[in-house]
Amino acid sequence: MKKEGKGCLVFIIIVIALYAIISSMVSSVKDKINEETIHIISSTDNKNIEKVLTDYAKESGIKVSVDYAGTLEIMERLNAGEQYDAVWASNSMWLYMLDSSKAKTSDSKIINMNPVVFAIKKSVAKDLGFVGTEVKLEDIIKAIREGKLKFAMTSATQTNTGACAYLGFLSVLSGNPEVLTEEYLNDQQIKDELTALFSGVNRSSGSEEYLEEMYLDGQCDAIVTYETSIINVNKNISNPDEQLYGVYTVDGVSISDSVFAYLGKTNTEKEEAFLQLQSYLLSKEGQEELMKTGRRTWYGGVKEDVDKTIFNPEWGIDTTKYLIPIKYPSTDVIQKALGLYQSELRKPTHIVFALDYSGSMSYNNGIEDLRNAMKYILTEEEASKNYLQFSEKDKISFILFNSYPSNTYTIENGLDTKTILNSINTTSPSGGTNIYDTVTQAIEVLKEEDRDKYNVSIVLMTDGEGNSGSYKDMKQAIQNVSPVIPVYSIMFGSADDEQLEDIADLSTGKVFDGRTNLLEAFKVVRGYN
């Protein structure tokens, strides 16, 4: 029996040893696979051209993974130390904002170009006299001042298109100087013209994709967007008068280049694989594939031999004219310009925060996470680090809800947030979750607001499923207001995504996932209001 026991013990030891060896081998194989994969962080603008890269990579036996993020978010993540092998940014100017001690680029090359222009419903563009003629930025500002043109654009502080457009407007109104300096940011006449221009913004978007959806849903008659968005949108519209018409201002056009740069260690197999991918994108075959998606593969100058079904002259897209590109300023000036936009130039907003204070928020740090997120958003010093701060021109209302919505409290100065923060920090969660009556009450707050002076929106944060209130009354309240008031919902905890998606569909809003990081979700939402 003792010999049998010893034999069993030896067998067990052998099994354990074999398991350790096999585990080590599997781990080693996983590590090797991980080392061989090119990890790319890319601007969301590149989603529609990812296939050009991944198809070639697959054919060539190169493993790639692509993570997408907003352009400014990419810079923030890389500067925070997140590790990637390459970055594919929508504009090379952002790479200068990288901390070289955290993310040092090499082998950086421009892959294609994408003008950022006013895209106006063709029937409206005809009425404005913008079709088939030269248009200056002052003509657009004049139309806005006269109440003839309103438009939607992506956030100038959170997206590449918005920032490029804004810096382009700034350069043109400054007289297209060789170098755009801080001096122009202090010129009151220039600031007045920019304020007049941005007064025409009737919706803000945190992404190009959502901007396209807004136009297709009939929420706006004009957008400031990429040339490729004109192409994407018009593919879905058969009526020529309803299609977008690109207006390329003759006194300057912002052009977003697309830069692909290496971030890893040099002289390695990964760098060789990266260079192979980059070379393909710049090859004749790769450039032709990119042109099929509506990307310009030439800079500024004339190119007549293009596919007119893609670069369609009927859509205002003229590749036979030279575009005067805007010269982007230094990083310091860009950062100061973004801060100026957020604090002074943009159209003010009136936002209602509807925050879930039901009993379930007591669990899993829910209420602490919410308080921390709101403290960040409502504290100018903190929010300004990411150009998310409110200004003294903004209005902020808030409703804390559980089984019933609380009374609405509104401040007329977006910097005077102490009372809001005090209520958020001292109110205790309890009761059920009355989403519907809360949204109805928020709409009642905003429906009489002057839309010429303020953009309006509702930010709804909930960790559960609405279990009281009237859906019928909420739906009627949403549908009775024109233009519609968007509801941007943030899911947390066990929130019902179907319920929130329904509210988003009714209000042309959007749902964001805050279950992993509530603070980051609030940051993203700020780009939409």
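How much net charge surrounds Ile231 when only other residues with a Cβ under 13 Å from its Cβ are counted (Lys, Arg +1; Asp, Glu -1)? Charge balance near Ile231 sits at 0. In the chain, the DSSP beta bridges split such that about 40 percent are antiparallel, to the nearest 5. Dividing the mean sequence gap of close Cα pairs (under 8 Å, 6+ apart) by how many residues the range 348-526 holds gives a relative contact order of 24 percent. With both labels modelled 7 Å from their Cα along Cα-to-Cβ, the Asn267 to Lys63 distance reads 2.6 nm. May I ask for the longest run of the chain untouched by chymotrypsin sites (Phe, Trp or Tyr not before Pro) that are loop-located per DSSP and have at most 15 neighbouring C-beta atoms (other than their own) within 10 Å? Of all site-free stretches, the longest is 1-297. Mind listing the long-range amide H neighbours of Ile111? Cut-off is under 5 Å, sequence gap 5 or more, other chains count too, H placed in the peptide plane at 1.01 Å from N. Those lying under 5 Å, H to H, from Ile111 are Ser258, Val259, Phe260.
Rounded to the nearest 20 debye, the dipole magnitude of the chain is 800 debye, with +1 charges on Lys and Arg beta carbons, -1 on Asp and Glu beta carbons, and the Cα centre as origin. Estimated from the Cβ-Cβ distance and a Förster radius of 41 angstrom, the FRET efficiency linking Asp307 and Thr37 is about 0.75. When the charge dipole of the range 158-300 is built from unit charges on Cβ atoms (+1 for Lys and Arg, -1 for Asp and Glu) and taken about the Cα centre, the candidate among Leu211, Trp298, Tyr166 whose Cα reaches farthest toward its positive end is Trp298. Taking 31 Å as the limit for the C-alpha separation, the pairs Lys393/Lys510; Lys235/Lys385; Lys284/Lys510 exceed it in the case of Lys235/Lys385; Lys284/Lys510. For Phe512, the residues 5 or more places off, or on other chains, whose built amide H falls under 5 Å of its own are Ser489, Ile490, Met491. Once both labels are positioned 7 Å from their Cα atoms along Cα-to-Cβ, the gap between Ser494 and Asn365 label points is 2.1 nm. The spacing between the range 42-83 and the range 216-274, judged by their C-alpha centroids, is 16 Å. When each full DSSP H helix of the chain is screened for a Cα extent of at least 30 Å along its own axis and an average Kyte-Doolittle hydropathy of at least 0.5, the helices passing are 2-36. Of interest is the spacing of the C-alpha centroids, which for the range 459-529 and the range 340-358 amounts to 16 Å. Size descriptors for the range 427-513 (Cα atoms only): Rg and Dmax, in that order, 12.8, 39 Å. The P(r) of the range 348-526 has a tail past 24 Å containing 29 percent of all C-alpha pairs. Listed values (i) 36.8; (ii) 31.6; (iii) 28.2 include one computed from this model; for mean projected area of the Cα convex hull in nm² that value carries the label (ii).
Laboratory data are not the source of any read-out in this text; all were calculated from the coordinates shown. All values derive from a computational prediction rather than experimental measurement. Positions of Cβ are generated from backbone atoms using ideal geometry, with glycine treated the same way; all protein chains shown enter the neighbour counts.
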